[in-house]
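The values are calculated or read from the model by the stated rules, or taken from the named source; none is laboratory data. Computed from a predicted structure; not experimentally measured. Virtual Cβ from ideal backbone geometry, glycine too; neighbours counted across all protein chains shown. Surface areas here come from the heavy atoms of the whole protein model, side chains and all, with no ligands, DNA or RNA. Shrake-Rupley method; radii C 1.70, N 1.55, O 1.52, S 1.80 Å.
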Amino acid sequence: KLLQALNCLHNHRVVHRDVKPANFLHNFQSYIFRLIDFGSATTEENATGKKGGGTKGFKAPETLMGSKSHTTAVDIWGAGIILFCLLTGKTSCLSGKSDANDLDEIGMIVGKNEMQQLKITACDEYGDGCQFQNKTGWPAKALQTVIAERTWKPDDMALDLLSKMLQVDHSKRINSSFSPST
């Protein structure tokens with residue numbers, strides 16, 4: 001439902017710029033879902049030159065790096081972080097500490113090669129991304145951090161979607177109009 005809401009916005013060339021759990025209301029009994037808080041939203045045409053937008057822990061790497069051109073890919077990143085939270089049962093995949101650097105934490109998850117693509121000079125401190133059960137990057141981080149109370153683990157399709165939504169390079173990130181068969 002969140003991707004459907006984003007697809008509607010994106011088809012109208014609107015970028016929400018603050019996709020996070022608190023901005024996606026849901027009632028599972030009535031099957032009503034609402035994307036709210038459009039205070040940071042802008043059209044793609046007007047997104048050039050705007051800095052900021054987003055909430056710590058849910059900002060896309062390009063936003064963290066100070067990009068002044070926000071595309072709909074920033075919304076997909078936020079939705080991917082929400083998916084991570086749903087898969088693991090945790091409220092955040094990053095530490096959320098006010099003094100923590102989100103880019104550094106993302107680098108620890110995705111690894112040196114991905115961060116080099118963003119031309120981050122401090123990339124030498126990153127390894128090859130967290131590794132767990134022959135998986136790397138976001139899927140590995142998800143499998144490592146599933147809360148103990150969960151009786152199930154994320155399946156490969158969910159982990160594949162997660163990795164496509166949390167592509168560090170925004171030009172490789174999936175968009176909101178993907179279909180499950182792709």
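Values as computed for the structure displayed
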read-out	value
Checklist (1) aliphatic (A, V, I, L, M); (2) open to solvent by 60 Å² or more (accessible area, probe 1.4 Å); (3) within 17 Å of His170 (Cβ to Cβ) applied to Ile32, failing item	(3)
Leading residue by the ranking (most open to solvent (accessible area, probe 1.4 Å)) among those in segment 138-172 that are in a loop (DSSP other than H, G, I, E, B) and β-branched (Val, Ile, Thr)	Thr151
Complete set of residues in segment 14-32 that are within 15 Å of His70 (Cα to Cα) and free of Cβ contacts under 8 Å to residues at least 40 places away in the same chain	Val14
Matching entry among Ala73, Ala41, Ala22 (being open to solvent by 40 Å² or more (accessible area, probe 1.4 Å) and of a type outside the set (Asp, Glu))	Ala22
Any pair with Cβ under 7 angstrom, 6 or more apart, that starts in segment 80-98 at a residue that is of a type in the set (Phe, Trp, Tyr) and ends at one that is modelled with pLDDT under 90 and buried (at least 16 other Cβ atoms within 10 Å of the Cβ)	Phe84/Cys93
Extreme residue, nearest to the chain's Cα centre (by Cα), among residues of segment 67-85 that are under 27 Å from Arg150 (Cβ atoms) and β-branched (Val, Ile, Thr)	Ile81
Qualifying residue in segment 43-61 (condition: touching a residue at least 40 places away in the same chain (Cβ under 8 Å), under 25 Å from Asp155 (Cα atoms) and in a helix (DSSP H, G or I))	no
Output for segment 96-116, where each listed residue is at pLDDT below 85, open to solvent by 60 Å² or more (accessible area, probe 1.4 Å) and either under 24 Å from Asp37 (Cβ atoms) or outside any helix (DSSP H, G or I) (or both)	Lys97, Ser98, Asp99
